[in-house]
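Before any comments, here is the structure.
Derivation of every value follows stated rules applied to the coordinates shown; laboratory data play no part. All figures in this text were calculated on a predicted structure; none of them were measured in a lab. All Cβ positions, even for glycine, are placed from backbone atoms using ideal geometry, and neighbour counts span all protein chains on display.
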Amino acid sequence: MTDDQTMQPGETLGAADPQDAAVKDPSEWTTGDEPMTAAQRSYLDTLAREAGEELPADLTKAEASEHIERLQAATGRGQDG
């Protein structure tokens with residue numbers, strides 16, 4: 001069986017060093033300006049209620065992700081521990 005994808009020399013997955021991981025800032029996402037997903041909307045609704053905040057319902061994926069990170073920090077949700 002052959003694979004259509006070819007590995008590049010030095011390419012790795014599951015990098016132990018965060019510098020090697022492919023983590024992008026939400027503002028750099030190619031789909032960041034699309035409407036937030038249903039899952040983001042539902043989770044943001046929960047987080048915003050817990051934090052006592054109201055957010056606009058027409059956020060983009062990138063905006064929703066940024067609010068999720070901020071509200072997780074504010075509420076203590078989604079943190080290792």
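Could you look through region 31-48, keep only residues that are within 13 Å of the chain's Cα centre (by Cα) and of a type in the set (Val, Ile, Thr), and pick out the one that is nearest to residue 71 (Cα to Cα)?
It comes out as 37.
Considering only residues that are among the charged types (D, E, K, R) and surrounded by fewer than 18 Cβ atoms within 10 Å (Cβ to Cβ), look in region 58-81 and name the one that is nearest to residue 31 (Cα to Cα). Break it down stepwise before answering.
Pass one, region 58-81, residues among the charged types (D, E, K, R): 58, 61, 63, 66, 69-70, 77, 80.
Filter again for surrounded by fewer than 18 Cβ atoms within 10 Å (Cβ to Cβ), leaving 58, 61, 66, 69-70, 77, 80.
Values: 58: 15, 61: 7, 66: 14, 69: 18, 70: 20, 77: 25, 80: 27 Å.
Among them, the one singled out is 61.
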